[in-house]
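Okay, so here's the structure we're looking at.
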Amino acid sequence: MATFSIEVNDEKHEVNVDPQMPLLWVIRDVVGLTGTKYGCGIAQCGACTVHVGNTAVRSCMFPVQSVGEEKITTIEGLSKEGDHPVQEAWKEIDVPQCGYCQSGQIMAAVALLREHPDPSDEEIERTMTNICRCGTYNRIKKAIKQASTRV
Amino acid sequence: MKKSVKTLNRRDFIRVTALAGGGLVLGFNALLSCSTQADEGKVINLNAFIKIDTDGQVIIMNPNPEIGQGVKTSLPMLVAEELDVDWTDVKVEQAGLDTQQYTRQIAGGSGSIRESWDSFRLAGATARAMLIRAAAAKWAVSEEVCGTEKGAVINTQNGKHIPYGELVVSAASLEVPTDVTVKSPESFKLIGKRVANIDNQAIVTGQHKYGIDTKREGMHYATIIRAPAFGQVLQSMDDRDTKNADGITQVIQFDNKIAIIGRSTWEVFQAAKKVKAEWKDEGVLEDTTGYQEKLKLALSKSPTADAKRKDGNVKQALSGASQLVELSFDAPFLAHNTMEPMNFFAHVQQDRAELHGPIQTPERTRTRIAALLGLPEEKISIMMTRMGGGFGRRLMSDFVEEAALVSKLAGGIPVNVIWSRESDITGGFYRPMYSYRYRAGVDGQRKLVAWHHRSVGVGAAAASADSFPAGAVPHFQVDTEVYETPIPTAPWRAPTHNFIAFSEQSFIDEIAHKTKQDPVAFRLELLEQAKANPVGKVSYNPDRFAIVIKKAAEVSGWGKSKGDSVFQGFAAHFSFETYVAEVAELVKQEDGKLKLKKIYCVADCGTVVNLSGAETQLEGGIIDGIGHAMYAELTLTKGKADQTNFNNYRMIRMSEAPEVEIHFIQNGEKPTGLGEPGLPPAAPALANAVYAATGIRLTSQPFIKSGLFA
C-alpha cells in the first residue's frame, strides 16, 4: 500500500492503495466516480478510457503509480454542463443504445479530435477501436464528424 | 403521502387519501390494475404510469427493463402521445418490479412495444379524459367543448386553458372512466417521430448508474470463483493467502463456488487469482470438437422424437423429385458478452431482501429468490437498472441468486457481486451449438416440392416449425432433437432465429442457384404459393413478406450491375412478428479478398413508434449479426472455455462494421418489436453475397475462418 496524490477532474484526492491498482479501480471504487466503466480489464474494449494529461488511456491496465503528476480527466469532468461538442453530437445523433460503452467511446473520440480536428473515415476507424456490442459504430462515426465541425 | 397535506387543501387531501385507500381500478383489458393515489410531496399518481405534480411536471413511469432496446423512451412515448403533453416537458422514471401495478415487466422476445401498444396508450388517454372532466367541471361546461394541448385542457369555445398541474388534484378524485378511446393514427404528434434516448444526458456525462455502479453505505464487493471446467466439482481450497490479502474481508465456500468479499472490485479480483482450489473431474469433460462429431452422428440416425412439423410426405416427394439439393450447417457456441459484465447488488436480511441490478426477468427472478431464501415474495424488492446490454443473458437469474446467497452467507451484508470478464465469458449460458441438415426436392418445373430440415442442438431444441418456407411447400418436415450436456445454454439475441435464418436463407439461395432461378424471384414465387395454396399453418402474412422483399430488391438495386467487383446477397426473415429483408453488398478486392461494404435493410414492424430508436435497433442488430457470424465462437477443451476475454474472443469493431441503409414499410399496422428481428437476416445476406462473388457456400461460422475476407 502507498499513498498517491492524484488530481481527477480538477479535484485533488489522496488515495492509499496498492501501487499496482489500475487507475480504473482507483477512480471507480476509491474516488467513487462510476462513469468510467469496466469492460474487460485487459485494455481491449476501451470502456475504461480516460485522459491522463491529454492522452486517452485505457485505465484498466494503467497502474495508479504511473500517473505521476499528470492530471486525470474522466467523463464526469469533460465539461461542467455536459455540453462538450462531442457530448452534444452524441445526443443529437442519438448514439447510445445500452450506453454502457459510451463514456469510453466519448473519451476516445475527444482525444482523437484533439489529434485530428478534421478526421477522415480512415482516421476515425483506425483510432476508434473501442467495442460496442449494441453496434452503434456508424452513429459514433457520424457524431465524431459532426463534433469535428465544432471543436 | 405524508408531505402532501402541506400542498393540498384539506378537502382535496381527504379525497385523494380516500382514493388511495379505496384503490380504484382501471380495467385495461384485464391487463392492468391502476389506482389513483397521492404520492410523496405534491406529486399525484393519476395511474400506475403517470404522475403529475401541482406545478405541472409530468412523470411517466417505464415499467419494463431497459437493456438498450429503447423501451424506456418508446413506452413512455405511447403514454405521452395520448396524454397530450410535450415530450420535452416529460420526465421518465424507471419503475421497480411491481406486480400489483404492472404486468409483463420483462425484456424479451422483442415484445414490449407489441404487448404494450394498446394498454399504455389507454393509460394516457384515460388520464387525459380525467383531466378534461376536471376542467369541464371547473368551467361548468360540457366535456365536448374541451380539448387538450401541450399539457393543458383547452376550452375550444373561448380559448381558455388550464394546465394539467392545476387540475390534477381534482382529476385524481374522479371516478376512472372506462369508455375512453385512443387517438387515430392521423392525429399522432409524437409516435413516429425521431426521439432521442431518454437517458442520453446522463449517459454522455457518466452520471447514469448501471448495476455495476451501485454503491451503498457499508457495501462490500465480491466476486465468485467457479469451476475452471464444466463438469468439475470443488474438492478443497486453501484460502490462507487470500484471507490475508489487502482489502479482503471474507472468503466463503458455497455450492460449487467460492466467494471472495472485500472493499474494492480490483482487490477481490486479485485475491480470487490467489485462491488455491482443488477441483475434481466428475464424469467426462467434453470438447466442442466432440460435440460436432456427436451432432453429426445424431443427424445420421433416425430422429428420436416425433417430427416438429409434417406436411405431406417428404420421403416420397424427395425420392420422386427431379432434382435434389442438400446442405449442412454448423453453429458454434456463442457467449453473450454484454459490455456490462454480470453483476448484482443484494442485501439480504432476516426478514427481507433488497435486490438491485440488471435483470431482464425480475418477476421470475423474485420467485426463484423467494424459494432460495425462504422469504415471501412481498418481502423481496427488485429494482431494475438500465442494463449494459442483455441479449438474453440477463433472462437467466443465476447471478442474482448468487448475489443473494453471498449476502446472506456473509452475514446479511450489502454486497455487489461483480463478475470479471473472464468469468462472464467462461461461466456459461451460451447460444447453443447446432447442426442442421437440409434436403430439398425440386420438380421438373423448377418448383420446390419437398423440404426436410433435420436438426440437433446442444442443450436446446434447434429448429422452429413454422419458419418460411413452411406453408409454401407441399411436402415439408422438420425434425429436431436435443443433445443433452452439462454446458449451460441460454437464449441469445433472436433465439433459434439467429441461426435458423442463416441456414434457411442460405439454403433457399442454394436452391435458387442450383435451379437457375433468381433468389428474389424464387422467394416471391414461394410466397405466392403460400398465399394461393397454403400448406398447413402459415405463421407469416405472405403479402407483407413479399412487400418487404420487393422493396429491399428495389432500394438495393438488386439484379443491376454495380461493376465487376461488387456482389450482392439476399436474405429475408420473419421473426417476432416483424418482417425484415436485407441485401449485403461486398467488394472483391484486387487481391481477391472480400470486404463487406453495406447492408440494405427493409423492415415491416407495423407502425414505427420512435424512428430514431427503430433505426438504431435494426442497424445495431445487423452489425451485431455480422460481427458474430464473421468472428465469434466459443470452444471448449475438456470442459473448459478456450476463449477468456476480448483478446481471443473476437468482437466486431468500427472498421469492420458495414454501412447500413434502412427503410420502413409504412402500413399503419400494429407495431411490433425491433430488438431482435434485424439480426437474423444479416449473416445469410452476407453469406449469399460471398456465394455470388466466389461460388463458395459458407455453412459454418465464424466466416473469418474461410480465409475469404480481407
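The values are calculated or read from the model by the stated rules, or taken from the named source; none is laboratory data. Nothing here was measured: the structure is a model prediction, and the numbers come from that model. FYI the Cβ positions are ideal-geometry reconstructions off the backbone, even for glycines, and counts take in every protein chain you see.
Among the residues of segment A:141-151, is there at least one that is hydrophobic (A, V, I, L, M, F, W, C), closer than 30 Å to B:F269 by Cα, more than 9 Å from chain B (Cβ to nearest Cβ) and touching a Pro at 6+ places or on another chain (Cβ under 7 Å)?
No; the residues of segment A:141-151 include none that is hydrophobic (A, V, I, L, M, F, W, C), closer than 30 Å to B:F269 by Cα, more than 9 Å from chain B (Cβ to nearest Cβ) and touching a Pro at 6+ places or on another chain (Cβ under 7 Å).
Quick check on B:E510: is it of a type in the set (D, E, K, R), modelled with pLDDT of 95 or more and crowded, with 22+ Cβ neighbours inside 10 Å?
No, not satisfied.
What is the number of the single condition among (1) part of a loop (DSSP other than H, G, I, E, B); (2) at pLDDT 95 or above; (3) surrounded by 17 or more Cβ atoms within 10 Å (Cβ to Cβ); (4) among the β-branched types (V, I, T) that B:V141 does not meet?
Only one criterion in (1) part of a loop (DSSP other than H, G, I, E, B); (2) at pLDDT 95 or above; (3) surrounded by 17 or more Cβ atoms within 10 Å (Cβ to Cβ); (4) among the β-branched types (V, I, T) is unmet by B:V141, namely (3).
Please specify each residue of segment B:370-404 satisfying the condition of being assigned to a loop (DSSP other than H, G, I, E, B), out of contact with any Phe, Trp or Tyr (no Cβ under 9 Å at 6 or more places or on another chain) and within 14 Å of another protein chain (Cβ to nearest Cβ).
Across segment B:370-404, the qualifying residue is only B:G390.
Considering only residues of segment A:90-124 that are free of Cβ contacts under 8 Å to residues at least 40 places away in the same chain and in contact with a Cys (Cβ under 6 Å, 6 or more places away or on another chain), which is surrounded by the most Cβ atoms within 10 Å (Cβ to Cβ)?
A:C98
Anything in segment B:405-430 that is within 14 Å of another protein chain (Cβ to nearest Cβ) and of a type in the set (V, I, T)? List them, or say none.
B:V415, B:V417, B:I418, B:I425, B:T426
In segment A:38-68, what count of residues is obtained for those that are in contact (Cβ under 8 Å) with a residue 60 or more places away in the chain, buried (at least 22 other Cβ atoms within 10 Å of the Cβ), more than 11 Å from chain B (Cβ to nearest Cβ) and over 21 Å from B:T338 (Cβ atoms)?
The total comes to 1.
Among the residues of segment B:406-422, are any surrounded by 24 or more Cβ atoms within 10 Å (Cβ to Cβ), at pLDDT 95 or above and within 20 Å of B:G108 (Cα to Cα)?
No.
Is it the case that B:Y631 is more than 16 Å from the chain's Cα centre (by Cα), under 28 Å from B:D424 (Cα atoms) and aromatic (F, W, Y)?
Yes, satisfied.
Residue-by-condition table, conditions (1) farther than 19 Å from A:T136 by Cα; (2) surrounded by 19 or more Cβ atoms within 10 Å (Cβ to Cβ); (3) of a type in the set (D, E, K, R):
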| site | (1), (2), (3) |
| --- | --- |
| B:Q568 | yes, yes, no |
| B:T578 | yes, yes, no |
| B:A581 | yes, yes, no |
| B:D604 | yes, yes, yes |
| B:G621 | no, yes, no |
| B:E633 | yes, yes, yes |
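Of the numbered conditions (1) part of a loop (DSSP other than H, G, I, E, B); (2) modelled with pLDDT of 95 or more; (3) within 13 Å of chain A (Cβ to nearest Cβ), B:I212 satisfies every one except a single condition; which is it?
So the condition that B:I212 fails would be (1).
Give the residue, chosen from B:A277, B:A222, that is part of a strand (DSSP E or B), over 30 Å from A:H84 (Cβ atoms) and within 14 Å of chain A (Cβ to nearest Cβ).
Exactly one residue qualifies, and that residue is B:A222.
For segment A:74-103, what are the residues that are among the small types (G, A, S) and facing chain B (nearest Cβ under 7 Å)?
A:G82, A:G99, A:S103
Among the residues of segment B:431-466, which ones are surrounded by fewer than 24 Cβ atoms within 10 Å (Cβ to Cβ), under 28 Å from the mean Cα position of the chain (by Cα) and of a type in the set (S, T, Y)?
Of everything in segment B:431-466, just one residue is surrounded by fewer than 24 Cβ atoms within 10 Å (Cβ to Cβ), under 28 Å from the mean Cα position of the chain (by Cα) and of a type in the set (S, T, Y), namely B:S464.
Quick check: is even one residue across segment B:197-208 within 28 Å of the chain's Cα centre (by Cα), within 30 Å of B:E669 (Cβ to Cβ) and more than 14 Å from chain A (Cβ to nearest Cβ)?
no
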